[in-house]
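Visitor: Before I ask anything, here is the structure I am working with.
The values are calculated or read from the model by the stated rules, or taken from the named source; none is laboratory data. Keep in mind that this is a model prediction, so the values were computed, not measured. When we count neighbours, we look across all protein chains shown, and the Cβ atoms used for this are built from the backbone with ideal geometry, even at glycine. Quick note on the areas: whole protein, heavy atoms, side chains included, nothing else; ligands and nucleic acids left out. Shrake-Rupley method; radii C 1.70, N 1.55, O 1.52, S 1.80 Å.
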Amino acid sequence: MIRHTLRGLVCALPLLALPPSARADAPSAAAPALMPWPAHAEFSDGMIDPSAGFRVSWDNPPSALLEHAATRFLLRADRLISAIPRHTPGTAAPVSLRIICGNDPDMLTIDAKEAYRLRVRPDGIKLTADGPEGVIHGLATLLQLIRPAPSGGAALTLADIRDKPRFVWRGLMIDTSRHFVSVDTLRRQIDAMELVKLNVLHLHLSDGTGFRMESTQMPDITRKSTHGQYYTKAQLSDLVARAADRGIRVVPEIDVPGHTLALLLARPDLAAHTPVDPEPKNKNNPALDPTLPATLSFISTLFTETTELFPDRYFHAGGDEVVSGEWTGNPRIRAFMTARGYATPQILQAQFTAEVEKILAAANRTMIGWDEVSEAPIPASVVIQVWRSSKFIASATDAGHPVVVSAGYYLDLLRPASEHYLTDPEDPAAEGLTRAQTAKRLARGADPVLIAALQNDPAPPPLSRKQRKLILGGEAPLWTELVTDEMLDARLWPRSAAIAERFWSSADLRDVNDMYRRLEPVAAELEITGLHARANTIRMAERLAPGDAGPLQTLAGATMPLRNYMMNRYTGLKNIPPDQIAGIASPDPMPAIRFNAMAARYAAGDRSLAASLRAQLLIWKNNELSFASSGPHLKGARAASHTLSVLAGLGLTALDHPGSPPDPAALQILDDAAARLVQADDMTAVFGMTDFPPGGLLMAAVPGIRSLITPGN
Ligand code: ACM
């Protein structure tokens, strides 16, 4: 059944004729669904038939890594080609795929050679790269050139592509602490990352909820900090090797000095506050006492053990969200600060960071820290991961730090792909609270130090060339307070593919509609080749409504989960995922996205879309009646489905009786749903929020329905 759905998706791709030798530094509506879009691409009218597979040849003897890459390519190509129905048996011969790969001593470093050239011609394919990572990227592009031929079966678009990345650091960060993520799930994410040219997997291995790495040096950590859920050393080594085989570096994070409750369960003697409460109100807060020599020797032992498993040059030592009171509330730490003349906890943290940096430098590692570590002077070699506000891109690079940008890419905020896509790593004003939002938060009693950090700089001076060169790239973090292992694929994908394009492709690519046009087939590609985003979502829907999951999925196609931490509040800040429809709903419900785009075109005069719009509206209107299952866990879904039905009714009336006044009660429901959307985008609305829409769902089709009712809106 799942496979059938996927086939439908692949076959739905339009295959329009391309003008001969169309040059496309930006995609046209007929262009293949490449993502990330390449630096230069030319397409020719014509295609070749890959149904008999490929015959790979090498100009130089391939390394084991290259042979593995070719084997994966053949397997994936076979799956993609088999997913496209054909009407007649193939007669084609295998397509020749000649690969020419140079040697790259910098493979798996930030200096790796990643460029490639891919030529698909009627007589065969030639892939040329200076190093293995270029080959891996070129094969990923080649897979995305496979699409349905107009006459049935698969076709490869003729192309000449020259490509290289804009940024050397293109990462995902996965929080394995709040919810443990199984090894199998991590393996799937690594495979998907390869297909969209992401090259850094940052594993957040430690936090208040649990420490996730086996320690043989300090077995008490394994016993007391992991709660039985951890990666063995062998599993981590396997993961690192699997990633390396795909051109992906794995960067470990052991977060110190805050977020250390789990570690403190094994070493309560190192806590800023003893006795350690295993169930504090906020598990993020307990911190190490930075004044104890034993704290640094503990960190040294733990980090050394970690570097033995993670060969990457970079090591993330955390440094975020140290709550001042953890330190200033301890008289001994206060006395230490006074004796040394440290006026603020930030200065104490900077001294601590400098010591941690020395430990890492001695192990030949470059330290990464969250942007808090840049608040007082620390060695310029420390890489700053910017998260609280984009203004830290400017301040950190001004101080000479290399930067990885995560502000604007937080996947756990459940924002749509379009918002992340339009956030550029080189924009120091992209993300942060506005002045009005700051004032609102302060008036409600928020911590002024925290608010000052979250506030953006609305008109920062442009970054200098030197500052821009220090931006290594970006990382999209997924914090897992509300993400179980089963939900992880769908919370990461397909949004991560759109972000991968932001990190790889030209800054000039900003066409959201075209991004969504390509995102659907890319999502299908990822699923067909091994991801479980759709499969797990379908299973979750079946569990909520056994044998009757269809109406839930229809509802999910028209709604989005609350965003910007409102979902955390909706669940009562319990670090548990919504066991309801909101866990299934996606920030990018494609039926609603397509509907909104069609409605906008209809409102602008394209009346040919009336039938398609009506068909979708009827499905939504009648969905309410389709719920056969009931039970308290579906209460929110049913109520949301009723709202959807009312909105769809408004749309149908507007289509069938243009100009007639809408029903005032229904219009009020539409206005309320629209106000919810505005509220959901206000980062400050979550504080003190007690009133939530049914099911924690936002109505995604509001813009489309509004444009039907009031053309020109
Ligand atoms: C963070 O989100 N605390 C880095």
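Visitor: Only residues in the range 382-403 that are of a type in the set (Lys, Arg) count as the first member; pair them with residues that are open to solvent by 10 Å² or more (accessible area, probe 1.4 Å) and within 14 Å of the ligand (Cβ to nearest atom), Cβ under 6 angstrom, at least 6 apart or cross-chain, and list the lot.
Guide: Qualifying pairs under 6 Å: ARG388/LEU454.
Visitor: Can you pull out every residue in the range 165-188 that is over 19 Å from TYR314 (Cβ atoms) and not β-branched (Val, Ile, Thr)?
Guide: Step one: list which residues in the range 165-188 are over 19 Å from TYR314 (Cβ atoms), which gives 166, 177-185, 187-188.
Result: ARG166, SER177, ARG178, HIS179, PHE180, SER182, ASP184, ARG187, ARG188.
Visitor: Moving on. Tell me the residue from ALA376, ALA396 that is touching a helix residue (DSSP H, G or I) at 6+ places or on another chain (Cβ under 8 Å), open to solvent by less than 50 Å² (accessible area, probe 1.4 Å), closer than 30 Å to LEU492 by Cβ and of a type in the set (A, V, I, L, M, F, W, C), please. Steps first, please.
Guide: Working: ALA376 fails: closer than 30 Å to LEU492 by Cβ.
Answer to the check: ALA396.
Visitor: Please find, within the range 407-426, the residue that is surrounded by the fewest Cβ atoms within 10 Å (Cβ to Cβ) out of those that are among the small types (Gly, Ala, Ser) and in a helix (DSSP H, G or I).
Guide: Restricting attention to the range 407-426, the residues satisfying the condition of being among the small types (Gly, Ala, Ser) are 407-408, 417-418.
Imposing the further condition that a residue be in a helix (DSSP H, G or I) reduces the set to 417-418.
On the way: ALA417: 25, SER418: 18.
Out of the qualifying residues, it is SER418.
Visitor: Select from the range 256-275 the residues that are crowded, with 19+ Cβ neighbours inside 10 Å and assigned to a loop (DSSP other than H, G, I, E, B) and list them in ascending order. Spell out the reasoning first.
Guide: As a first pass, look at the range 256-275 and keep what is crowded, with 19+ Cβ neighbours inside 10 Å: 256-267, 270-273.
Matches in the range 256-275: VAL256, PRO257, GLY258, HIS259, THR260, ARG267, ALA272, HIS273.
Visitor: Could you tell me whether the range 176-195 includes any residue that is open to solvent by 10 Å² or more (accessible area, probe 1.4 Å), in a strand (DSSP E or B) and modelled with pLDDT of 95 or more?
Guide: no
Visitor: Test of understanding: among VAL200, VAL256, VAL250, which residue is among the hydrophobic types (A, V, I, L, M, F, W, C), over 22 Å from the mean Cα position of the chain (by Cα) and within 20 Å of TYR314 (Cα to Cα)?
Guide: Answer to the selection: VAL256.
Visitor: Name the residue, out of THR301, THR338, that is at pLDDT 95 or above, under 24 Å from LEU239 (Cβ atoms), surrounded by fewer than 19 Cβ atoms within 10 Å (Cβ to Cβ) and of a type in the set (Ser, Thr, Tyr). Please lay out each step first, then the result.
Guide: Working: THR338 fails: under 24 Å from LEU239 (Cβ atoms).
Going through THR301, THR338 in turn, the sole match is THR301.
Visitor: Where residues in the range 307-325 are within 12 Å of the ligand (Cβ to nearest atom) and open to solvent by 40 Å² or more (accessible area, probe 1.4 Å), which of them is nearest to SER215 (Cα to Cα)?
Guide: GLU321
Visitor: Further question: Out of the residues in the range 463-480 meeting the condition of being out of contact with any helix residue (DSSP H, G or I) (no Cβ under 6 Å at 6 or more places or on another chain) and outside any strand (DSSP E or B), tell me which one is nearest to the ligand (Cβ to nearest atom). Give the derivation first.
Guide: As a first pass, look at the range 463-480 and keep what is out of contact with any helix residue (DSSP H, G or I) (no Cβ under 6 Å at 6 or more places or on another chain): 463-466, 468-469, 471-472, 475, 477, 480.
Next, only the ones that are outside any strand (DSSP E or B) stay: 463-466, 468-469, 480.
On the way: LEU463: 22, SER464: 26, ARG465: 28, LYS466: 26, ARG468: 23, LYS469: 24, THR480: 12 Å.
Of everything passing the filter in the range 463-480, THR480 is nearest to the ligand (Cβ to nearest atom).
Visitor: Here's another thing I want to ask about it. Does any residue of the range 501-509 turn out to be within 16 Å of the ligand (Cβ to nearest atom) and surrounded by 24 or more Cβ atoms within 10 Å (Cβ to Cβ)? Step through it out loud before you land on a result.
Guide: Let us first name the residues in the range 501-509 that are within 16 Å of the ligand (Cβ to nearest atom), namely none.
Scanning the range 501-509 turns up no residue that is within 16 Å of the ligand (Cβ to nearest atom) and surrounded by 24 or more Cβ atoms within 10 Å (Cβ to Cβ).
Visitor: Could you please give the count of residues in the range 533-553 that are surrounded by fewer than 21 Cβ atoms within 10 Å (Cβ to Cβ) and not in a helix (DSSP H, G or I)?
Guide: 4
Visitor: So which residues in the range 27-48 are assigned to a loop (DSSP other than H, G, I, E, B) and either on the phi > 0 side of the Ramachandran plot or open to solvent by 50 Å² or more (accessible area, probe 1.4 Å) (or both)?
Guide: In the first step, residues of the range 27-48 are kept if they are assigned to a loop (DSSP other than H, G, I, E, B); the result is 27-39.
Within the range 27-48, SER28, ALA29 meet the criteria.
Visitor: Please go through the range 457-500 and give me each residue that is open to solvent by 20 Å² or more (accessible area, probe 1.4 Å), under 23 Å from PRO561 (Cβ atoms) and among the hydroxyl-bearing types (Ser, Thr, Tyr), ordered by number.
Guide: Listed by number, the list holds a single entry, THR484.
Visitor: What number of residues within the range 246-282 satisfy the criterion of being modelled with pLDDT under 95 and within 15 Å of the ligand (Cβ to nearest atom)?
Guide: Within the range 246-282, residues that are modelled with pLDDT under 95 and within 15 Å of the ligand (Cβ to nearest atom) number 1.
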